[in-house]
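**Q** Dropping the structure in here first, questions after.
A short reminder: the numbers here are calculations on the coordinates, not readings from a lab. Computed from a prediction, not measured in an experiment: that's the story for all the values here. Neighbour counts run over all protein chains shown; Cβ positions are idealised from the backbone, glycine included.
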Amino acid sequence: MKRILPFLLMLGTVCACERIEPEKERIFEEYFTSSLWKTDNSIDESKLTGAMFAFEKYADREYWKTLTSNVDMLEALMIPQERLSSMSTQNLARTCTVYPFNSNYMAYVGFSTTSIDGIFHIMNNFNGYTQIQGRPSGPKELLAIYKEQQVKMDEKNEGWSADYTRANSFMNISAMELVLATAVDCGRFSNDEIADMIHAMWEKTEDFVESGLYSWNGAICYCYVLGATIAYHHAPNLSQNERTLLKTFVLSGGDTSRYSGDIGTITELVADKLNFVN
């Protein structure tokens, strides 16, 4: 962990180098379907004004106790189609952020599966994620929320009501980092948005480390999974060995039970390469 800290001092540092085209080869190729993160330009977002979905069935604890299978639980959390298709993209992003099963990515960290398997399972089994991937401003709205999420929560509510605490839990922040990594892999962000994402990622990494409450496997590794994905696609002059190191780390989900490489080496590589992303 000590080898991570010096690189947090690089926050916000950017090299004024020539802009390059993002790497086109996908890290998550084996996970993607043809429709994943494909923009649906027929959607007129200006006409969508619907409110957030509150997951009423999940809040009804007596009803929830009657569900005996994972299939039933997944179905109970689906957004009714009429509400889904009319929901504003901002509120859809907020709904995805507080999806009750977001933290289930952690259940996949094991002998043969990773948090990457987990986050794709979550995204593929919730129609809110399916919908936001097609919205033209979907990635931008998710990034806006990520920038607002706080490791150290204050008393400001910002309209999130009871969902504010859940949205800012370390598990939901980490889930958001994994979701954003999949969108980065599909090239859904502008250079300016990538710069904002890097800044927000370093801020959260610093807060996780300085708090002393979070371990590498529990939270910090997911910041670096996002950072490594950004570096893979946007850092200039990567060698083939560096690409392989970054891709291997990302696909491991960053957890030491699945990543066999040296953590200090990968954190140094990510920090160094992000310093040259513009």
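**Q** Once Lys and Arg get +1 and Asp and Glu get -1 on their Cβ, which of LEU180, SER69, LEU246 lies farthest toward the positive end of the dipole of segment 5-274?
**A** SER69
**Q** Toward the positive end of the charge dipole of the chain, about the Cα centre and with charges on Cβ (Lys, Arg +1; Asp, Glu -1), which of ILE132, ILE230, SER35 goes farthest?
**A** It is SER35, whose Cα lies furthest towards the positive end.
**Q** If you plug each phi of segment 90-102 into the Karplus form 6.51 cos²θ - 1.76 cosθ + 1.60 with θ = phi - 60°, what whole-Hz ³J(HN,Hα) values come out, in order, with x for Gly and Pro?
**A** 4, 6, 5, 4, 5, 4, 4, 5, 9, 3, x, 9, 3
**Q** Can you give me the relative contact order of segment 5-274 as a percent, contacts being Cα pairs under 8 Å and 6 or more apart?
**A** 24 percent
**Q** May I pose another question? Mind listing the long-range amide H neighbours of GLY50? Cut-off is under 5 Å, sequence gap 5 or more, other chains count too, H placed in the peptide plane at 1.01 Å from N.
**A** The answer is MET87, SER88.
**Q** Which angle from 0 to 90°, rounded to the nearest 10, does the C-alpha axis of helix 115-124 make with the longest principal axis of the chain?
**A** 40 degrees
**Q** Calculated FRET efficiency, ASP272 and SER69, Cβ-Cβ r, R0 30 Å, to nearest 0.05?
**A** Between ASP272 and SER69 the formula returns 0.05.
**Q** A follow-up question, please. As an exercise, identify the chymotrypsin sites (Phe, Trp or Tyr not before Pro) in segment 40-123 lying in DSSP coil whose Cβ has no more than 14 other Cβ atoms within 10 Å.
**A** Counting only loop positions with at most 14 other Cβ atoms within 10 Å, the chymotrypsin sites (Phe, Trp or Tyr not before Pro) in segment 40-123 are PHE111.
**Q** Residue-wise, which Karplus ³J(HN,Hα) couplings in Hz belong to segment 199-211, taking 6.51 cos²θ - 1.76 cosθ + 1.60, θ = phi - 60°, and x for glycine or proline?
**A** Listing the rounded values in order: 4, 5, 5, 5, 4, 5, 4, 4, 5, 4, 5, 5, 5 Hz.
**Q** Once you put a point 7 Å from the Cα of HIS199 and another 7 Å from the Cα of GLU242, both along the Cβ direction, what distance in nm separates them?
**A** Distance between label points: 2.4 nm.
**Q** Return MET73, MET52 ranked ascending by Cβ neighbour count within 10 Å, so the fewest neighbours appear first.
**A** In order of increasing Cβ crowding within 10 Å: MET73, MET52.
**Q** For the chain, just run the numbers: alpha carbon Rg, then divide by 2.2 N^0.38 Å, N being how many residues it has.
**A** Taking N as the residue count of the chain, the ratio is 0.98.
**Q** Moving to a separate point now. Between ASP40 and ASN124, take the C-beta separation as r, use R0 = 30 Å, and let me know the FRET efficiency to the nearest 0.05.
**A** 0.95
**Q** Still on this structure, I have one more. So if each residue of separation counts as 0.36 nm, and I subtract the Cα-Cα distance between ALA144 and SER215, what length gain in nm does that give?
**A** 23.0 nm
**Q** Treat each spin label as a single point 7 Å out from the Cα along the C-beta direction, and report the MET78 to THR49 distance in nm.
**A** The answer from the label model is 2.9 nm.
**Q** While we're here: What's the exposure ranking of MET78, MET197, going from fewest to most Cβ atoms within 10 Å?
**A** MET78, MET197
**Q** May I ask you to sort HIS233, HIS121, HIS199 by Cβ crowding, counting other Cβ atoms within 10 Å and putting the fewest first?
**A** So the residues, fewest neighbours to most, are HIS199, HIS121, HIS233.
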